[in-house]
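Structure first, commentary second.
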């Protein structure tokens, strides 16, 4: 699982680097999505929504198998969601700082 998460982080860093400075003209270019005419901005915003949809499907499967998340997992999920919001609002440096602090605190327990 650690390798999968590390790979996702690596790919996310790369896409943030390569797509982070798209011009307004590039982001409003036309695109198609399941038969609909949309723009690049819409397509880029579909990725996180798609990941959320898959996460929910996985959670429903786990629940059907009798697995229930602990309170700690609920808290971590909310923290991760908030960090994503901070990151999405342009606070990537601040989000990384908070992540580093959380890792440091976890390591000291």
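Structure data summary
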{"read-out": "Sites residue 52 and residue 7 - FRET efficiency at Förster radius 22 Å, r taken between beta-carbons, to 0.05", "value": "0.70"}
{"read-out": "Normalised contact order of the chain, rounded percent, pairs of Cα under 8 Å and 6 or more residues apart", "value": "9 percent"}
{"read-out": "Whole-Å distance, taken between Cα centres, linking region 1-61 and region 92-109", "value": "24 Å"}
{"read-out": "Theoretical ellipticity at 222 nm over the chain - DSSP helices of four or more residues, -39500 (n - 2.57) apiece, nearest 500", "value": "-24500 deg cm²/dmol"}
{"read-out": "Among (1) 14.4; (2) 16.6; (3) 13.7, the entry derived from the coordinates for Kirkwood radius over Cα pairs in Å", "value": "(2)"}
{"read-out": "Stretch gain in nm, segment residue 105-residue 82, where the contour uses 0.36 nm per residue and the Cα spacing is subtracted", "value": "6.5 nm"}
{"read-out": "Residues listed by number, region 1-31, amide nitrogen under 14 Å from residue 59 label point at 7 Å toward C-beta", "value": "none"}
{"read-out": "Contact order relative to length of region 22-68, as percent, for alpha carbon pairs under 8 angstrom and 6 or more apart", "value": "21 percent"}
{"read-out": "Degrees between helix 71-88 axis and first principal axis of the chain (Cα, 0 to 90, nearest 10)", "value": "30 degrees"}
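Bear in mind these aren't lab numbers, they're just calculated from the coordinates by the rules spelled out. All of these numbers come straight from a predicted model, not from anything done at the bench. Cβ atoms come from the backbone with ideal geometry, glycine included; neighbour counts cover every protein chain shown.
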